[in-house]
Amino acid sequence: MKSEMRFGDQMSKFLHEGSQRERMTIYRFRVLLLPNPPLEFEPETEVYREIEIGGSNSLADLHEAIFDAFDRYDSHAYEFLTRDEHGIAIRSYVHPQLYSGDESWRPMDDDEIDRFLEHAIPDSEPEEARERFRKLRKHPPEEGNAAETPIDELELDLSQTLFYEFDLGDGWEHHIEIEEIREGSPDDGPIVVEKQGEAPPQYPGRSR
C-alpha cells in the first residue's frame, strides 16, 4: 500500500513538473549585429541570429547564447539596456563583475536633457515619451545584475527592444528585437533557430 502511495506521489510530481514546463514563456529574439567600422565590420546585408530562450533563463544566459551564436571565444564585459516602444532606455543590466548597484547611467541636468531632446528625439514622438525620457535621465533607476535577472522579470512585450554591447572596449553593439513571445515547452537550453550573414572575427586580423 505504501509503495503504491509513493508511486502515486511521484507520478503527481512528474505530471506537475511537466505542466510547469508547458507553461513556461518562450522568447524569440532577433539579435542584429550593428556595423563596427573601427573593426572593419561594415556588412552589405544585415547579420543577425534569432535565438529562442525560456523566460526563466537570465540575461547572462542570453549573453552566453549570443556569444556562442556569433562564434566568439574570448570573454569580456557586457551590458544590456531595455527600451520602451519609443526606443527610450528604461534600465541597464550589467555583467556580474561590473555590478555595483549604482544608477543605470549618469544623471543629466535639465540643460543637458533639453539639448538631447532637441537634437536626438524626433518631433514626432509624443510628449509622454519626452517626459518619460526626462524623468529617467534625471532620476536613473538602479542598474541590474544580468546574472540575477530572469528574462521574465523584464515584463517585455513585442513593442519593446533591447540593446546589447559586448566588449566595452571594442564595442560590438547589437539591436535586439522581440520576434515572438509564447507559452511552450523549451528545449534544454537556448537555441539558434535562424541566422543570416557570416559572423565577423572577434579580433580582425588576429588568429585564435
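Counted by Cβ distance under 11 Å from PRO140, the other residues give a net charge of +1, where Lys and Arg count +1 and Asp and Glu count -1.
Net charge in the neighbourhood of PRO126 (other residues with Cβ under 14 Å of its Cβ; Lys, Arg +1, Asp, Glu -1) is -4. What would the Debye formula give as log10 I(q)/I(0) at q = 0.15, 0.17, 0.19 Å⁻¹ for the alpha-carbon point model of the chain, no solvent? Log10 of I(q)/I(0), two decimals: -1.04, -1.25, -1.42.
Against the chain, whose longest principal axis comes from its Cα atoms, helix 59-69 is set at around 80 degrees. In loop segments of segment 63-94 as defined by DSSP, the GluC sites (Glu not before Pro) with at most 13 further C-beta atoms inside 10 Å of their C-beta are GLU85.
Net charge within 9 Å of VAL94 by Cβ-Cβ distance, Lys/Arg positive one each and Asp/Glu negative one each, not counting VAL94 itself? Could the numbers behind the result be given before it?
On the way: positive: none; negative: GLU79, GLU143.
For residues surrounding VAL94, the net value is -2.
Please express the Cα-Cα pair-distance distribution P(r) of segment 93-208 as a list of whole percents, one per 5 Å bin, running from 0 to the bin with the greatest distance. Pair shares across the bins are 2, 7, 11, 16, 19, 17, 12, 9, 4, 1, 0. To the nearest 10 degrees, how steeply does helix 2-22 sit against the main Cα axis of the chain, on a 0 to 90 scale? Rounded to the nearest ten degrees, it is 20. Rounded to the nearest 500, the 222 nm mean residue ellipticity of the chain from helices alone is -8500 deg cm²/dmol, with -39,500 (n - 2.57) taken per DSSP H run of at least 4 residues. In the chain, taking the dipole from charged Cβ atoms about the Cα centre, the farthest positive-side position among ILE90, GLY189, SER124 is held by GLY189. A simple spin-label model places pseudo-atoms 7 Å from Cα toward Cβ; at GLN97 and GLU64 they are separated by 1.6 nm. In the Gaussian network model of the chain, springs joining C-alpha atoms below 10 Å, which of GLU40, GLU52, GLU127 carries the largest mean-square fluctuation? In this elastic network of the chain, the residue with the biggest mean-square fluctuation among GLU40, GLU52, GLU127 is GLU127. Toward the positive end of the charge dipole of the chain, with +1 on the Cβ of Lys and Arg and -1 on the Cβ of Asp and Glu, the farthest Cα among HIS63, THR25, PRO107 is that of THR25.
On full extension, the segment bounded by LYS135 and ARG115 gains 5.7 nm, given 0.36 nm per residue less the C-alpha separation. On the beta carbon distance between ILE191 and GLU40, with R0 = 30 Å, the FRET formula returns roughly 0.50. If the chain linking LEU168 and SER75 were pulled fully straight, counting 0.36 nm for each residue of separation and taking away their Cα-Cα distance, it would gain 32.4 nm.
Throughout, read-outs are computed from the coordinates displayed, never taken from laboratory work. Worth saying up front: this structure is predicted, and the values here are computed from it rather than measured. Please note: Cβ atoms are built from the backbone with ideal geometry, for glycine as well, and neighbour counts cover all protein chains shown.
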